[in-house]
Each structure stands twice: as C-alpha cells, then as structure tokens.
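In what follows, a single structure is set out as structure tokens and then discussed.
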Amino acid sequence: MVPSNAIIQMPAPIRYYYKNKRAVFANVETGNRHANVVELVSGVNPGDTIVVSGVLFVRPNALVKIRNN
C-alpha cells in the first residue's frame, strides 16, 4: 500500500521511484483502493524508495533530493 498521491493516472498508472539519486518511472498495476492509499499489485519491488511528494513535478531521470521531515 502506498499513498494514493504517489500514483499518477496516465493512460496506465505509473509511479516514480528513487535510484542512484535519480527519478525512474515504472508502470504499475493497482488493486484495492481506500481513502488515502492504494495497493500496488505489480510494478514495485522490495526495497524501492517511492516518490510520494511532488510527483507532478518529477521528470524521468531528474535528480531527486531526499528530505527527512
């Protein structure tokens, strides 16, 4: 389950994740949805760091800075 704002609904749902300081996008298959979270059935791997904030401003291969809140 990830926050629903981490998924961008394009023709197919996508999500961005962090790899080598860059944003990488991947197609995902979604499952159950609840108020603020959505289940990812495929397209995510254990250990992936998923971008959940500012996803509308992220572009493929863009540098990503991780902040601790």
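Values quoted throughout were computed directly from the atomic coordinates according to the rules given, and no laboratory measurement underlies them. If you're wondering where the values come from, they're calculated on a predicted model, not measured in any experiment. Please note: Cβ atoms are built from the backbone with ideal geometry, for glycine as well, and neighbour counts cover all protein chains shown.
Would you mind calculating the relative contact order of the chain from Cα pairs under 8 angstrom and at least 6 residues apart, reporting the percent as a whole number? If you can, show how the numbers build up before the last one.
Details: 113 pairs, mean separation 25.4, N = 69.
Computed over the chain, the figure is 37 percent.
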Quick one: if you stick a label point 7 Å off each Cα along the C-beta vector at ILE66 and ASN20, how many nm between them?
-> 1.7 nm
Find the percent of Cα-Cα distances in the chain that exceed 14 Å, and round it to a whole number.
-> 56 percent
Under a plain spin-label model, where a point goes 7 Å from the Cα along Cα-to-Cβ, how far apart in nm are ALA12 and ASN36?
-> 3.0 nm
The summed charge of the ALA26 Cβ neighbourhood (under 11 Å; Lys/Arg +1, Asp/Glu -1) stands at 0
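Assigning unit charges at the beta carbon (Lys, Arg +1; Asp, Glu -1) and nothing else, what dipole magnitude in debye, to the nearest 20, does the chain show about its Cα centre?
Numbers: 8 positive and 3 negative charges, 81 e Å.
So the dipole magnitude of the chain works out to roughly 380 debye.
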Among all stretches of the chain without exposed trypsin sites (Lys or Arg not before Pro) (DSSP loop, at most 14 other Cβ atoms within 10 Å), which one is longest?
-> 22-64
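If you rank ILE66, ILE8 by fewest surrounding Cβ atoms within 10 Å, what's the result? Intermediate values should be presented prior to the final figure.
Values: ILE66 8, ILE8 15.
Ordered by Cβ neighbours within 10 Å, fewest first: ILE66, ILE8.
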